[in-house]
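Participant: If you scroll down you'll find the structure; I have some questions about it.
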Amino acid sequence: MTTTTYSAKDITVLEGLEPVRKRPGMYIGGVGSSGLHHLVWEIVDNSVDEAMNGHASLIEVTLHADGTSITVSDNGRGMPVDVHPKTKKSALETIFCVLHAGGKFDHGSYKTSGGLHGVGASVVNALSKDLVATIKKDGHTWEQRFKQGKPQGPVKKLEPARGTGSTVYFHPDPTIFPKTEFDPNLIRERLEVASYIHRGLKVTFNDEVNKQKYNYHHEEGLTAFLKKIVGDRTASGANKAVHELPFTLTKENGVKIDLAVQWTEATDEFIKSYVNGIPTASGGTHENGLRAGLGKAVRNFIDTHNLAPKGVTLTAEDIREGLTAVLSIFVPEPQFQGQTKDRLNNPEVLSMVDSAVRPALEHWLNQSRTVAESIIARIVMAARAREASRAASAAVTRRSATTGRNALPGKLSDCNSRKVSDTELFIVEGDSAGGSAKQGRDRERQAILPLRGKVLNTEQASLAKVLENKELADLVIAFGCGIGKEMDVTRLRYGKIILLADADSDGNHITTLLLTFIFRHMRPLIEAGRVFLAQPPLFRIDIGKVSHWALDEAQRAQILEKHGQGRSKPEITRFKGLGEMMPAVLWETTLNPKTRRLLRVEIADMLQTDKIIQELMGKDAGARFTFIMDRADQADVDL
Ligand code: TTJ
């Protein structure tokens, strides 16, 4: 890293701040929550840069009690306050008032900017109702104040001060942002991640809204991060690590690579990756380089030591099953891609990561033979489990494929239309509810599959075991798209899969079991947005001879307001069960696409979901019930 003395003359002057206030979206992506929080990342990134360059060790962030203003401070060198020869303004003022003002200190250091990031302190200033910069350097405190980006006077020299550092207080402008409340947890999490990525950095978060203080400091860096992730995923006893010490790698040659890897008993692959400190949830060339290098290292090791199993060939997925990893890289000019700009696209990065990982991992495997053997055993087990599942699911799929519709489950009342996008499969709990649904439905487009009795809890069951369960095997056949690694969403026989259960605790239980099954074994259906929850009404309101149905308390109030003023006294009953509903009423309230309300099942946060499901399905039966109920009134169901 080059160290340059940064002074006023190094700053390039570009333009003023009017364009930022006119079109904020161009600079921070939008004025919603994401844009609002960009302001925080932008300011914090400046302190992180100072720390990365070796000049600061502590960053303190305070979310003030009002929830809408923030102070960030560091113990770095302090932003320059000397006066610019051309503009006759302080360097500080230039940093905050000139768009894209950058200095020589950009060169040779990794900008934390990527995509929408790094737009500069000036953008934050332009979009803040108030901003105060306080600098300690040269034996004094210096201060300059701004409103909506405009200086309220020159930088002032205040009382004497020891030490150095920069502090910025800002309050986003409510005339720009419709909602200026920060999300404490979002900020906390980002700071925590930063403390792992920047090993040794001390970060504190003072959440004055919730009166909580957090101190983050990890000398172990990503190794500590990985330990936390594996620990979280181990919550229920499954997903344990198969070896104690992770494989770690830190390397700096053009790109800076930092990596920690551990194989676990989990059945999926879990990689968290970052580029210049920015999360890359959709992966990209860095993650692919990791996969490539890792695969080659393991294969080489297996070949060199004649460890290949008999009777089964190892696939790339077998090698990565249960793999848990954190990868952080720093590249000078990251290119981000995708709708949410969270996938790295620099092609050169793939081979850089690949060629760093392969030899290092191979060396590590050779150095730690017992560990290597546990890992290889894990991989071979994955391959054998895959073979067993494939055989089992092939048996089920064959049943549906060979004999066509004749092989469909006997209790499936199929729809007539074969135009997939038009059709819906309702999975209904119990025969009597199934009967009402069968009579009330639109036969052309709606199919009904009633489930009898309890569905198997699949959380800890192997795929082979799952398919021995008649209810679930029927479900898989009705879907027609296979299961596990063999599944193909494009073969799903219906446009929508809709779970329809009573709005009581039994109903919630069955919904939870089904969602767990789909999440574990047919996750692409959820990812493709094809899984929904139907919402049967909660209340019946009888007014005179007319019955009204309300999906929730809000609707109940609406109905009472609209129809309850007449002569007859409204009578409210809690809805008992789908089975007691007349088919026509079931159609009107729950099935009819024109009047019903559906919830689409979505996965908000994979790690969180995984953890919740494990905790709920793994052991504690009681907790399962609240799981769905708590979320039942949200617009989207976060599994
Ligand atoms: C650049 O090189 C000379 C000494 O000052 C260096 C600098 O600007 N460091 C710096 C900036 N440290 N911290 C910041 C900073 C901190 C916050 C909270 C906000 C902003 C915009 C910058």
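The values are calculated or read from the model by the stated rules, or taken from the named source; none is laboratory data. This is a predicted model, so every value here is computed, not measured. In this analysis, Cβ positions are derived from the backbone assuming ideal geometry, glycine residues included, and neighbour counts consider all displayed protein chains. Ligands, DNA and RNA are excluded from the accessible area calculation, which covers all protein heavy atoms including side chains. Shrake-Rupley method; radii C 1.70, N 1.55, O 1.52, S 1.80 Å.
Residues are listed down the side, and each one gets a yes or a no for (1) within 19 Å of LEU36 (Cα to Cα); (2) within 15 Å of the ligand (Cβ to nearest atom); (3) over 21 Å from the mean Cα position of the chain (by Cα):
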{"site": "GLY120", "(1), (2), (3)": "yes, yes, yes"}
{"site": "GLN144", "(1), (2), (3)": "no, yes, yes"}
{"site": "GLY153", "(1), (2), (3)": "no, no, yes"}
{"site": "TYR169", "(1), (2), (3)": "yes, yes, yes"}
{"site": "LYS179", "(1), (2), (3)": "yes, no, yes"}
{"site": "LEU186", "(1), (2), (3)": "yes, no, no"}
{"site": "ARG190", "(1), (2), (3)": "yes, yes, no"}
{"site": "SER195", "(1), (2), (3)": "no, no, no"}
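Participant: Right, here's the next one. Considering region 155-167 alone, what residues qualify as being in contact with a Gly (Cβ under 8 Å, 6 or more places away or on another chain), open to solvent by less than 60 Å² (accessible area, probe 1.4 Å) and within 15 Å of the ligand (Cβ to nearest atom)?
Facilitator: Filtering region 155-167 for residues in contact with a Gly (Cβ under 8 Å, 6 or more places away or on another chain) gives 160-162, 164-166.
Still in the running and open to solvent by less than 60 Å² (accessible area, probe 1.4 Å): 161, 165-166.
Residues satisfying the conditions are GLY165, SER166.
Participant: Give me the residue from region 68-89 that is under 11 Å from GLY165 (Cα atoms) and not aliphatic (A, V, I, L, M) and, out of that set, farthest from the ligand (Cβ to nearest atom).
Facilitator: Restricting to residues being under 11 Å from GLY165 (Cα atoms) and not aliphatic (A, V, I, L, M), the top hit is ASN75.
Participant: Separate question: Quick one: GLY284 ticks every box in (1) in contact (Cβ under 8 Å) with a residue 12 or more places away in the chain; (2) surrounded by fewer than 19 Cβ atoms within 10 Å (Cβ to Cβ); (3) over 22 Å from ASN366 (Cα atoms) except a single one, so which number is it?
Facilitator: So the condition that GLY284 fails would be (2).
Participant: Pick from GLY311, GLY289, GLY295: which is within 19 Å of VAL380 (Cα to Cα), at pLDDT 95 or above and outside any strand (DSSP E or B)? It would help to see each step written out before you state the result.
Facilitator: Numbers: GLY311 fails: at pLDDT 95 or above; GLY289 fails: within 19 Å of VAL380 (Cα to Cα).
Residue meeting the stated conditions: GLY295.
Participant: Which one of the conditions (1) assigned to a helix (DSSP H, G or I); (2) open to solvent by 20 Å² or more (accessible area, probe 1.4 Å); (3) at pLDDT below 85 does LYS454 fail to meet, given that it meets all the rest?
Facilitator: For LYS454, the failing item is (1).
Participant: Counting just the residues of region 122-132 that are buried (at least 24 other Cβ atoms within 10 Å of the Cβ) and in a strand (DSSP E or B), which one comes out nearest to the chain's Cα centre (by Cα)? Break it down stepwise before answering.
Facilitator: In the first step, residues of region 122-132 are kept if they are buried (at least 24 other Cβ atoms within 10 Å of the Cβ); the result is 122-128, 131.
Still in the list and also in a strand (DSSP E or B): 128, 131.
Working: SER128: 29, LEU131: 32 Å.
Out of the qualifying residues, it is SER128.
Participant: When residues of region 246-269 are filtered for being open to solvent by 10 Å² or more (accessible area, probe 1.4 Å) and at pLDDT below 95, how many remain? Give the derivation first.
Facilitator: Start the filter on region 246-269 by keeping residues that are open to solvent by 10 Å² or more (accessible area, probe 1.4 Å), which leaves 246, 248-254, 256, 258, 262, 265, 267-269.
Next cut, at pLDDT below 95 only: 251-254, 256, 265, 267-269.
Qualifying residue count, region 246-269: 9.
Participant: Evaluate the following for VAL44: is it within 15 Å of the ligand (Cβ to nearest atom), modelled with pLDDT of 95 or more and either within 16 Å of GLU181 (Cβ to Cβ) or surrounded by 18 or more Cβ atoms within 10 Å (Cβ to Cβ) (or both)? Please lay out each step first, then the result.
Facilitator: Working: within 15 Å of the ligand (Cβ to nearest atom): yes; modelled with pLDDT of 95 or more: yes; either within 16 Å of GLU181 (Cβ to Cβ) or surrounded by 18 or more Cβ atoms within 10 Å (Cβ to Cβ) (or both): yes.
Considered against the rule, which asks whether it is within 15 Å of the ligand (Cβ to nearest atom), modelled with pLDDT of 95 or more and either within 16 Å of GLU181 (Cβ to Cβ) or surrounded by 18 or more Cβ atoms within 10 Å (Cβ to Cβ) (or both), VAL44 comes out as yes.
Participant: Another one. HIS171 versus (1) at pLDDT 95 or above; (2) closer than 21 Å to ARG77 by Cα: which is the lone unmet condition?
Facilitator: (2)
Participant: Determine whether THR223 is under 30 Å from GLY54 (Cβ atoms), within 16 Å of the ligand (Cβ to nearest atom) and either at pLDDT 95 or above or surrounded by 20 or more Cβ atoms within 10 Å (Cβ to Cβ) (or both). Quick ask: steps written out before the conclusion?
Facilitator: Details: under 30 Å from GLY54 (Cβ atoms): yes; within 16 Å of the ligand (Cβ to nearest atom): no; either at pLDDT 95 or above or surrounded by 20 or more Cβ atoms within 10 Å (Cβ to Cβ) (or both): yes.
Criteria not met by THR223.
Participant: Hey, LEU514 hits all of (1) touching a strand residue (DSSP E or B) at 6+ places or on another chain (Cβ under 9 Å); (2) at pLDDT 85 or above; (3) outside the structural domain of ARG441 (by TED's automatic domain parsing) but one; which does it fall short on?
Facilitator: (3)
Participant: Can you pull out every residue in region 35-89 that is within 23 Å of GLY153 (Cβ to Cβ) and among the β-branched types (Val, Ile, Thr)?
Facilitator: Scanning region 35-89 gives ILE43, ILE70, THR71, VAL72, VAL81, VAL83, THR87.
Participant: Of all strands (runs of 3 or more DSSP E) completely enclosed by region 489-574, which ones contain at least 1 residues that are in contact (Cβ under 8 Å) with a residue 40 or more places away in the chain? Write out each step before concluding.
Facilitator: Numbers: elements: 496-500, 531-534, 539-543, 546-550, 571-574.
Where strands (runs of 3 or more DSSP E) fall fully within region 489-574 and carry at least 1 residues being in contact (Cβ under 8 Å) with a residue 40 or more places away in the chain, they are 496-500, 531-534, 546-550.
Participant: May I pose another question? Would region 51-67 turn up any residue that is open to solvent by 10 Å² or more (accessible area, probe 1.4 Å), more than 14 Å from the ligand (Cβ to nearest atom) and closer than 15 Å to VAL168 by Cβ? Before the answer, list the steps.
Facilitator: Taking region 51-67 first, the residues open to solvent by 10 Å² or more (accessible area, probe 1.4 Å) are 51-58, 60, 62, 64-66.
Now narrow it down to the ones that are more than 14 Å from the ligand (Cβ to nearest atom): 64-66.
Checking which are closer than 15 Å to VAL168 by Cβ leaves us with 64.
Yes, that holds for at least one residue.
Participant: From the list ALA503, ALA534, which one is of a type in the set (A, V, I, L, M), farther than 30 Å from ARG390 by Cβ, at pLDDT below 85 and over 24 Å from the mean Cα position of the chain (by Cα)?
Facilitator: Values: ALA534 fails: at pLDDT below 85.
The unique qualifying residue is ALA503.
Participant: Among residues belonging to region 477-514 that are acidic (Asp, Glu) and under 19 Å from ASP431 (Cα atoms), point out the one that is most open to solvent (accessible area, probe 1.4 Å).
Facilitator: As a first pass, look at region 477-514 and keep what is acidic (Asp, Glu): 486, 488, 502, 504, 506.
Within this subset, residues satisfying the condition of being under 19 Å from ASP431 (Cα atoms) are 502, 504, 506.
Values: ASP502: 32, ASP504: 59, ASP506: 81 Å².
Among them, the one singled out is ASP506.
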